[in-house]
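None of the figures in this text is laboratory data; all of them are computed from the coordinates on show. Predicted model, so just to flag it, every value in this text is computed and none were measured. Here Cβ is always computed from backbone atoms with ideal geometry, including for glycine, and neighbour counts include all displayed protein chains.
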Amino acid sequence: MSGLRRRLRPLLVPVLAVLSAFVVGSLFLMLSDLKHLAMIPTDPIGALTGAMGDVINAYRALLLGAFGDPAKFALAFEQGTPKAWTTALRPISETLVAATPLMFTGLAIAVSFRTSVFNIGGDGQFVLGALGASIVALALRDLPAPITLVGALAGGVLFGALWGFVPGFLKARTGAHEVITTIMLNYVALQIVQLALRTDFLRQSTNSQPISKVLDFVRVPLLIPLPGLRLHWGFIAALVVAALISWFLFKTTKGFELRSAGQNLTAARYAGMSAGGSIILAMVVSGALAGLGGAFQVMGSVTQMSNDVNSGYGWTAIALALLGGTRPGGVVAAALLFGALNNGGHGMQVATSIPLDLLVFIQALVIMFVAAPDLVRKIYRLRPPKPEVAATATEGASA
Amino acid sequence: MRLELREITKQFPGVLANDRISISADRGKVLGLLGENGAGKTTLMNILSGLYRPDSGEILIDGQARTFTDPADAIKAGIGMVHQHFMLVPVFDVVASVALGAEPVKGFLGTFDRASARKRVVELSTQYGLDVDPGARIEDLPVGVRQRVEILKALYRKSDILVLDEPSAVLTPGETEELFEIIRGLAAGGTTVIFITHKLNEVLEVADTITVLRRGRVAGTVLPRETTRAELANLMVGRDVELTVSRAPAKPREVVLDLVDLAVRDDRGGLAVRGINLQVHAGEIVAVAGVQGNGQTELVEAITGLRRVDSGSLTVGGEVVQNATPRHVSDMGVAHIPEDRSRDGLIANMTVAENYILDSYHRSPYSSGVRLNRKAIAEEASKGVREFDIRTPSVETHVGALSGGNQQKVIVAREFSRPVKLVVAAQPTRGLDVGSIEYIHRRIIEQRDAGAAILIVSTELDEVLALGDRVAVMYAGQIVGVLSSEQATKEAVGMLMGGVH
Ligand SMILES: Nc1ncnc2c1ncn2[C@@H]1O[C@H](COP(=O)(O)OP(=O)(O)OP(=O)(O)O)[C@@H](O)[C@H]1O
Ligand SMILES: [Mg+2]
């Protein structure tokens, strides 16, 4: 195999899985298309072409909603006005904004899975990270902006790490199963946020809802200096963090310990590694990453702390970590895909009145097809991977 | 049924595992399959049992060509396989385990017909002398009995051809004898048996014909009465093998390992080691003999820091090491070859190079504090691979893809790659071919001659006698006798192992 083909081969199954999900999704779209279904007895051909036309329109709207409309780009080039550019770039910008928190939580969960620790607490770590960032930002609001911002991000990391440390420590010391403790801690985290949002320090006094003061006095700098585009440096930070995590896992001694413990805890212990230490470290890193995601979300995308900063990012992350084969590069790709689906789904809903739920359905199909690589291979009659190659693909020396 | 495999070829990335292999076995006969580690025995049997597809070649049963696309096909054709690693559900009882996947059903809803399954299990076990309690839970059974369950499982599916892949590797001598009785009984009843082993005595004892594989090819087919152990060993590895490695008399020096009244508890809290006193000197090999489960595992774990010492004292080179961490013990120069290589010694999904540094990754030259030095790791691992003649396509190959013998060599190479004061080796040659045994024994004797103290724990009498400058016999958590190498005969050690003294 040539070098390029060798490198692309691991992508084949995920790409085909996404494709299959859309094909199956389109079947369901047609089945739920009552207007055309009703036409079948009188005009079957018309019904079919009509239904297919609707599906194509829906997917078109999805693509435009996720990546932008070429016509609008052309217009922007022609006119060159900031407003035209904003219109053209907004879809892709919003896709990346949607992907950013997923990248952080996806990486967080991937690190824990690599160590065979099942961190189901990404949600709690994420909201506490956001809370930590808000508290620090308010406390340091009179300092120069860069210091406030860095402090706020550090606060997010700290809170998230703490929320990862607790279940890690409990598991290492008492054997308490992390799946249970992290799930419970998710609820505790939500209550802490509720409580904190009632304090005068955080609460926006003019609002009856539990929502914090507006934190726009210090914001993560925007990536594109156009009004109306929310894309900020948190996205770049997520990419950098992915690269760092990859480096950490595959190039450092601590990463080696985590991977060893994840693959075979007994052998790691026999080799003199501290099992408890690896578990705690994995949970702390995992929590810190989710917390940083929360901090960027509140300091970059939404600028106000409330329960709504999180929309199940910690849960989606579990799917992303698996989709990405627990490799940082794979997780980033999966997060981008889900960001595009989420954001494009809004576009589709507006254009075709197909409910957003269908996108959730397609996401589920993607997960299903990726989780069943053998099925995909059967459908497309791919040769099964050679044992060696398959093993390397899940391990992935670098991402 | 008559079985014939014709010109079977199977290529794995970088290895031609089976290269036009032809074997055959007549109805009611036992075919012994010998071959060094990695010769391709398991691969060939996996092809026969439908787990792998051959690249070319054919399978003939009673003269008819068959192709199997999956194990279910092979089972239907009457082929039963007892894998080297048992495939039983620990919480099931014997009846459920045996019937699993071929359950008799009753009634409209097709529920599991336990009674009739149980009846057949009992019938089969009396018919073939496979003594098991049908209601016992798998996890409560000793290995020897679990193996019987595996055989029952194959018979339950009406196997006419039974493949046993290294069945005796985990058995005590007594259990092995019982297994041979079962095999003879099956053959007399018309079952064709393929029996894989590394133990030359065993094939000579039980097989009707012996086929030897070497590096993926048939090296020869011989009859037991017309051959000798030495000839078989030669066929296997292609050169003469010293079946018992020669060694100069030991020159013991100062005490390195000193155990005084050592007591250790097992996982359930019972005393597994009950007051052991033993000294191992620099430059000598002490071999601990004993039937599996007499406290040897716990003893080794205590010495290597993996298990807490209950009472007594344990020193290495004068330093108290009881309840030190495994890392501390290993940093003191204690090499450990663990009993169960795939569970304790290696990480199957990691590369040869990564496994090579598993217990020294934190030291120079592999680590510079934070970072791993990939280049040094690859270089040192390649050196180890060359020195220990480890057969692997590269150091980046996953260790799980190597044959058992080569996996063990990775561990030995790793443990001997740093300066050692004390070597603790548990079952160092379990499942290895004669060539690898010779090789590993040589290396251990070399370490002794270089001044290391060596403690070998083995259930294999031949190994204990071949290596021990002194032989300590363990029974029920105690050392019931220490014999010099002159006193240590098969009979003397065997008696002590059985608790007679
Ligand atoms: N799934 C696999 N992928 C790649 N290589 C493999 C695989 N299985 C076996 N091999 C290689 O094929 C060769 C034959 O292996 P096999 O397991 O058949 O040997 P064996 O004769 O059973 O050895 P042992 O006595 O150690 O069990 C070895 O070199 C091994 O590394
Ligand atoms: Mg084998």
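In nanometres, what is the gap between the two model label sites at B:ASP462 and B:ARG442, each 7 Å from Cα along Cα-to-Cβ?
With each label point 7 Å from Cα toward Cβ, the separation is 1.8 nm.
Roughly how big is the protein assembly as shown's charge dipole about its Cα centre, with Cβ charges of +1 (Lys, Arg) and -1 (Asp, Glu), in debye to the nearest 20?
2320 debye
Which one of A:MET348, A:MET283, A:MET103 has the biggest mean-square fluctuation once chain A is modelled by GNM with Cα springs under 10 Å?
Per the Cα network of chain A with a 10 Å cutoff, A:MET348 tops the list.
Put +1 on the Cβ of every Lys and Arg and -1 on every Asp and Glu Cβ in the protein assembly as shown; which of B:GLY28, B:ALA154, A:LEU34 then has its Cα farthest towards the positive end of the dipole?
A:LEU34
Nearest 500 deg cm²/dmol is fine: what mean residue ellipticity at 222 nm does chain B get from its DSSP H runs of n ≥ 4 alone, each adding -39,500 (n - 2.57), divided by its residue count?
Result for chain B, helices only: -9000 deg cm²/dmol.
What is the Cα centroid distance between the stretch A:284-322 and the stretch B:50-68, reported in whole angstrom?
55 Å
Among B:ASN355, B:LEU372, B:SER382, pick out the residue whose Cα is farthest towards the positive end of the charge dipole of the stretch B:348-418, where Lys and Arg carry +1 and Asp and Glu carry -1 on C-beta, about the Cα centre.
With unit charges placed on the Cβ atoms, the residue in question is B:LEU372.
What Kirkwood hydrodynamic radius do you get for chain B when you take the inverse of the mean 1/r over all pairs of distinct Cα atoms, in Å?
24.3 Å
Which of A:ILE135, A:VAL150, A:THR266 sits closest to the plus end of the dipole of chain A, meaning its Cα is farthest towards the positive end, when Lys and Arg get +1 and Asp and Glu get -1 on the C-beta?
Farthest towards the positive end: A:THR266.
Which whole-number percent is the relative contact order of chain B (Cα, under 8 Å, 6+ apart)?
15 percent
According to the Kirkwood expression over distinct Cα-Cα pairs, how big is the hydrodynamic radius of the stretch B:3-237, in Å?
After inverting the mean inverse Cα-Cα distance, the result is 18.3 Å.
Okay, helix-only estimate at 222 nm for chain A: each DSSP H run of n ≥ 4 adds -39500 (n - 2.57), divide by all residues, round to 500 deg cm²/dmol; what do you get?
-25000 deg cm²/dmol
Taking every residue in B:336-344, how many Cβ atoms of other protein chains lie within 10 Å of its Cβ, on average?
Across the residues of B:336-344, the mean count of other-chain Cβ atoms within 10 Å is 3.
Can you work out the PRE-style zone for B:ASP62? Point 7 Å along Cα to Cβ, and I want the residues of the stretch B:70-104 with backbone N under 18 Å.
Hits in the stretch B:70-104 for B:ASP62 at 18 Å: B:73-80.
Please return the longest range in chain B lying between exposed loop sites, taking trypsin sites (Lys or Arg not before Pro), DSSP loop only, at most 13 other beta-carbon atoms within 10 Å, and leaving the sites out.
The longest such stretch corresponds to B:1-157.
For A:256-265, what's the mean count of beta carbons from other chains sitting within 10 Å of each residue's beta carbon?
Per-residue shielding by partner chains comes out at 4.
If you count, for each residue, the other Cβ atoms within 10 Å and average over each peptide, how do B:170-181, A:90-101, A:246-257 line up from highest to lowest?
So the order, starting with the most tightly packed, is A:90-101, A:246-257, B:170-181.
Can you tell me the Rg and the Dmax, both Å, for the Cα atoms in the stretch B:348-418?
Considering the stretch B:348-418 through its Cα atoms, Rg and Dmax are 11.2, 34 Å.
What percent do you get for the relative contact order of the stretch B:3-237 when only Cα pairs under 8 Å and 6+ apart count?
Rounded, it is 29 percent for the stretch B:3-237.
Out of A:ALA76, A:ALA243, A:ALA290, any idea which swings most in a Gaussian network model of chain A, alpha carbons joined below 10 Å?
Comparing A:ALA76, A:ALA243, A:ALA290 in a Gaussian network model of chain A, the most mobile one is A:ALA76.
Sort out for me the Cα centre separation of the stretch A:103-165 from the stretch B:370-447, rounded to whole Å.
Centre-to-centre distance over Cα atoms comes out at 44 Å.
From zero up to wherever the largest Cα-Cα distance of the protein assembly as shown sits, split into 10 Å bins and tell me the percent of pairs in each.
Values per bin, smallest distances first: 2, 10, 16, 20, 19, 15, 10, 6, 2, 0, 0.
What's the center-to-center distance, using Cα atoms, between the stretch B:170-236 and the stretch B:264-338 in Å?
Computed from Cα coordinates, the inter-centre distance equals 36 Å.
How high is the FRET efficiency from B:ARG268 to A:PHE217, r the C-beta distance, R0 45 Å, rounded to 0.05?
E between B:ARG268 and A:PHE217, to the nearest 0.05, is 0.10.
How high is the relative contact order of chain A, in percent, with contacts defined as C-alpha pairs under 8 Å that are six or more residues apart?
30 percent
Suppose the chain between A:LEU226 and A:VAL179 were pulled fully straight at 0.36 nm per residue; how much longer would it get relative to their current alpha carbon spacing?
Length gained between A:LEU226 and A:VAL179: 12.6 nm.
Rounding to the nearest 20 debye, state how big the charge dipole of the stretch B:3-237 is about its Cα centre with +1 on each Lys and Arg Cβ and -1 on each Asp and Glu Cβ.
440 debye
Give the dimensionless ratio obtained when the Cα radius of gyration of chain A is divided by 2.2 N^0.38 Å.
Against the empirical 2.2 N^0.38 Å value, I get 1.07 for chain A.
For the stretch A:138-246, which trypsin sites (Lys or Arg not before Pro) pass both filters: DSSP loop (anything but H, G, I, E, B) and at most 12 other C-beta atoms within 10 Å?
Sites meeting the loop and neighbour criteria: A:ARG198.
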